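Trainee: Got a structure for you, questions after.
The values are calculated or read from the model by the stated rules, or taken from the named source; none is laboratory data. Note that this is a predicted model, so its numbers are computed, not measured. Counting neighbours? That spans all protein chains shown, and the Cβs are built from the backbone with ideal geometry, glycine included. Surface accessibility is based on the protein's heavy atoms, side chains included, excluding ligands, DNA and RNA. Shrake-Rupley method; radii C 1.70, N 1.55, O 1.52, S 1.80 Å.
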Amino acid sequence: MTKNLTVGNPALLIVSFTIPLLIGNLFQQFYSMADTFIVGRTIGVAALAAVGCTGSLSFLFLGFVMGFTSGTAIITAQRFGAGDEKGVRRSFAASIVLSIIMALILTVVSVIFTRSILKLLRTPAEIFDGAYRYIIIIFWGTAVLMMFNLLSNVMRAVGDSRTPLVCLVIASVVNIILDYIFILVFHTGVEGAAYATVIAQFVSCIFCALVIVKRLPILKIRKEDWKIDKADMAEHIRVAMPMGFQMSIIAIGVVVLQFALNKLGTTAVAAFTAAQKIDMVATLPMMSFGVTMATFTAQNYGARKFDRIRAGIIQSSIISGAFSIIMGITFFLTGRQLSAIFIGSDPNAVALSYTYLRINGACYILLSFLFIFRQTLQGLGNSLIPTVAGIMELVMRTLAAILLPAFFSFVGLCFAGPLAWLGACVPLTIALALTMKKLLRKSMAERKQLSYHRIN
């Protein structure tokens, strides 16, 4: 079930690896959208706003989870590409230990400070209690999310992108069924949506663990693999911590955006929530190609095949860029109808949501390059520049959230995302160009040296 991405046509490998990843991400968003759809259409716009206004706060903590586990998996992928099976197992063991520690820390911190952060964000009084009841349950389930992301990422690191897909399909079905049971049968309100999400993730986590035990022998940790030295831990922390903080840095900008959004009222919050759900689905192809490039790059870096990395960057950028243009056009043509699916017949909310979709869709080409460039650098083990790019995103999104609404109201907030993408693309593009030039020069020198030894 493992896949070696260091041999074969780069474009075909990238597409074949991305398709299961994309479908899995679609299912993940599907059960996230199920919460939005069921809450918005059965409990009401206020409940939808209550769930939606927690998105930035959730991203602040859970984004760190996703970044951290992706970082540990980079080391695993590099060792897999180098053919170091013992190193792969030791990397997995180190990732488990570090993930348990981080899950405990994040759970304690998030649970303690949730109410204070919601107040700081000026969450509207009419949705405050619902927002708190929803997000606190999600945060109590941080360990489940951490382990699911860890297991999914480590499987992708060794080339298996299909099993995480199956896990997410199972999670989607479980989540939707539980949503209806908790909300429509037991009338548990927004808490039911949160319980459904956590339980669905737990089911996925169990399935991933069973697959690893039975079908991925390369990840079967032996007793001696648990003897992790300081150098091993330091190597994983060096990559994982910056990637985790990078996601949290980006999330801070989203929190600032939520602060500005809350001041515009419940209708604006609901419209933004619905538009973001649609937006997240539309950007999944771009995000999936980015995640693929992290694994593709890491494996080929471990195998010292730098020419393949360059080919992968060019080919994935073309494919992902094409998707971005298609989705942008789709929003211009059908954005109003898509918004109405979640919001219903509220004309003001639908109009605001459509505005968001048009503005963001027109700038998706920037986002497609951002995902490819950032994940490629991370696959190379370079976590510094992606962190700098995250800071640029924070600065641009924060400035947009603070300054633009004063002049353009809701429209100003809609430009926060595109401006953040532009700010991040600048350092990423420069760093990637310089890094690849250095690696290719090094590769040429290695080939010349090898040729010299053969002749002599």
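Trainee: For Ser383, only one of the following conditions fails: (1) touching a Gly at 6+ places or on another chain (Cβ under 8 Å); (2) open to solvent by less than 30 Å² (accessible area, probe 1.4 Å); (3) closer than 20 Å to Leu257 by Cα. What is its number?
Mentor: Result: Ser383 fails condition (3) only.
Trainee: Turning to a different aspect of this structure: Tell me, which helices (runs of 4 or more DSSP H) wholly within region 122-189 include 2 or more residues that are at pLDDT 90 or above, open to solvent by 20 Å² or more (accessible area, probe 1.4 Å) and out of contact with any Ser or Thr (no Cβ under 8 Å at 6 or more places or on another chain)?
Mentor: Fully inside region 122-189 and qualifying: 125-140.
Trainee: Moving on. Report yes if some residue within region 93-116 is surrounded by 24 or more Cβ atoms within 10 Å (Cβ to Cβ) and among the hydrophobic types (A, V, I, L, M, F, W, C); otherwise report no.
Mentor: Yes: one or more hits.
Trainee: When only residues in region 345-366 that are of a type in the set (S, T, N, Q), out of contact with any Pro (no Cβ under 8 Å at 6 or more places or on another chain) and in a helix (DSSP H, G or I) count, which is most open to solvent (accessible area, probe 1.4 Å)?
Mentor: In the first step, residues of region 345-366 are kept if they are of a type in the set (S, T, N, Q); the result is 345, 348, 353, 355, 360.
Restricting the remaining residues to those that are out of contact with any Pro (no Cβ under 8 Å at 6 or more places or on another chain) gives 345, 348, 353, 355.
Filter again for in a helix (DSSP H, G or I), leaving 348, 353, 355.
Numbers: Asn348: 105, Ser353: 0, Thr355: 25 Å².
By that ranking, first place goes to Asn348.
Trainee: If you check every pair at least six apart or on different chains, which have Cβ atoms under 9 Å apart with a residue in region 287-302 that is within 12 Å of Asn153 (Cβ to Cβ) first and a residue that is hydroxyl-bearing (Ser, Thr, Tyr) and open to solvent by less than 10 Å² (accessible area, probe 1.4 Å) second?
Mentor: Val291/Thr18; Val291/Ser161; Ala294/Thr376; Thr295/Ser161; Ala298/Thr76
Trainee: Would you be able to tell me the number of residues in region 413-447 that are closer than 25 Å to Met247 by Cβ and either without any contact (Cβ under 8 Å) to a residue 40 or more places away in the chain or in a loop (DSSP other than H, G, I, E, B) (or both)?
Mentor: 7
Trainee: Given (1) over 26 Å from Gly335 (Cβ atoms); (2) touching a Ser or Thr at 6+ places or on another chain (Cβ under 9 Å); (3) at pLDDT 90 or above, where does Tyr301 come up short, assuming only one miss?
Mentor: All conditions are met except number (2).
Trainee: Return the residues of region 188-228 that are out of contact with any Lys or Arg (no Cβ under 9 Å at 6 or more places or on another chain) and of a type in the set (Lys, Arg); say none if nothing qualifies.
Mentor: Lys214, Arg215, Lys223
Trainee: Determine whether region 253-263 contains at least one residue that is under 29 Å from Glu126 (Cα atoms), within 17 Å of the chain's Cα centre (by Cα) and among the β-branched types (Val, Ile, Thr).
Mentor: Checking region 253-263: at least one residue is under 29 Å from Glu126 (Cα atoms), within 17 Å of the chain's Cα centre (by Cα) and among the β-branched types (Val, Ile, Thr).
Trainee: Ok, one more. Could you tell me whether any residue of region 325-336 is in contact (Cβ under 8 Å) with a residue 60 or more places away in the chain and either within 26 Å of Ala401 (Cβ to Cβ) or surrounded by fewer than 24 Cβ atoms within 10 Å (Cβ to Cβ) (or both)? Explain how you work it out, then say what you get.
Mentor: Within region 325-336, the subset in contact (Cβ under 8 Å) with a residue 60 or more places away in the chain is none.
Scanning region 325-336 turns up no residue that is in contact (Cβ under 8 Å) with a residue 60 or more places away in the chain and either within 26 Å of Ala401 (Cβ to Cβ) or surrounded by fewer than 24 Cβ atoms within 10 Å (Cβ to Cβ) (or both).
Trainee: Among the listed residues Phe408, Phe373, Phe342, which satisfies the condition of being open to solvent by 20 Å² or more (accessible area, probe 1.4 Å), among the aromatic types (Phe, Trp, Tyr) and farther than 22 Å from Ala77 by Cβ?
Mentor: On the way: Phe373 fails: farther than 22 Å from Ala77 by Cβ; Phe342 fails: open to solvent by 20 Å² or more (accessible area, probe 1.4 Å).
Just one listed residue meets the conditions, Phe408.
Trainee: Are any residues in region 401-412 farther than 10 Å from Gly253 by Cα and either of a type in the set (A, V, I, L, M, F, W, C) or not in a helix (DSSP H, G or I) (or both), and if so, which ones?
Mentor: Across region 401-412, the qualifying residues are Ile402, Leu403, Leu404, Ala406, Phe407, Phe408, Ser409, Phe410, Val411.
Trainee: A follow-up question, please. What are the residues in region 173-201 that are of a type in the set (Val, Ile, Thr), under 16 Å from Ile135 (Cα atoms) and under 24 Å from the mean Cα position of the chain (by Cα), if any?
Mentor: The answer is Val190, Thr197, Val198, Ile199.
Trainee: Right, here's the next one. Suppose we keep only residues that are over 17 Å from the mean Cα position of the chain (by Cα) and small (Gly, Ala, Ser) within region 389-404. Which one would you say is farthest from Ala424 (Cα to Cα)?
Mentor: Across region 389-404, the extreme among qualifying residues is Ala401.
Trainee: Please work out if Phe61 is crowded, with 22+ Cβ neighbours inside 10 Å, part of a helix (DSSP H, G or I), of a type outside the set (Gly, Ala, Ser) and within 14 Å of the chain's Cα centre (by Cα).
Mentor: yes
Trainee: Within region 6-29, how many residues turn out to be free of Cβ contacts under 8 Å to residues at least 60 places away in the same chain, open to solvent by less than 50 Å² (accessible area, probe 1.4 Å) and not in a loop (DSSP other than H, G, I, E, B)?
Mentor: Residues that pass the stated criteria total 1.
Trainee: Is it the case that Thr273 is over 30 Å from Ala445 (Cα atoms), under 23 Å from the mean Cα position of the chain (by Cα) and modelled with pLDDT under 95?
Mentor: yes
Trainee: Filtering region 276-324 down to residues that are aromatic (Phe, Trp, Tyr) and within 21 Å of the chain's Cα centre (by Cα), which residue is surrounded by the fewest Cβ atoms within 10 Å (Cβ to Cβ)?
Mentor: Result: Phe323.
Trainee: Quick one: would you say Val198 is modelled with pLDDT of 90 or more and either among the hydrophobic types (A, V, I, L, M, F, W, C) or closer than 20 Å to Asn153 by Cα (or both)?
Mentor: Numbers: modelled with pLDDT of 90 or more: yes; either among the hydrophobic types (A, V, I, L, M, F, W, C) or closer than 20 Å to Asn153 by Cα (or both): yes.
So Val198 passes the test.
Trainee: Among the residues that make up region 238-246, is at least one of them over 30 Å from Leu13 (Cβ atoms), in a helix (DSSP H, G or I) and under 21 Å from the mean Cα position of the chain (by Cα)?
Mentor: Scanning region 238-246, I find at least one residue that is over 30 Å from Leu13 (Cβ atoms), in a helix (DSSP H, G or I) and under 21 Å from the mean Cα position of the chain (by Cα), so the answer is yes.
Trainee: Let me ask something additional. Quick check: is even one residue across region 30-48 under 28 Å from Lys214 (Cα atoms), in contact with a helix residue (DSSP H, G or I) (Cβ under 8 Å, 6 or more places away or on another chain) and either buried (at least 20 other Cβ atoms within 10 Å of the Cβ) or modelled with pLDDT of 75 or more (or both)?
Mentor: Checked region 30-48: at least one residue is under 28 Å from Lys214 (Cα atoms), in contact with a helix residue (DSSP H, G or I) (Cβ under 8 Å, 6 or more places away or on another chain) and either buried (at least 20 other Cβ atoms within 10 Å of the Cβ) or modelled with pLDDT of 75 or more (or both).
Trainee: Could you please find all residues in region 329-344 being at pLDDT 85 or above and either in a loop (DSSP other than H, G, I, E, B) or of a type in the set (Lys, Arg) (or both)?
Mentor: Of everything in region 329-344, just one residue is at pLDDT 85 or above and either in a loop (DSSP other than H, G, I, E, B) or of a type in the set (Lys, Arg) (or both), namely Arg336.
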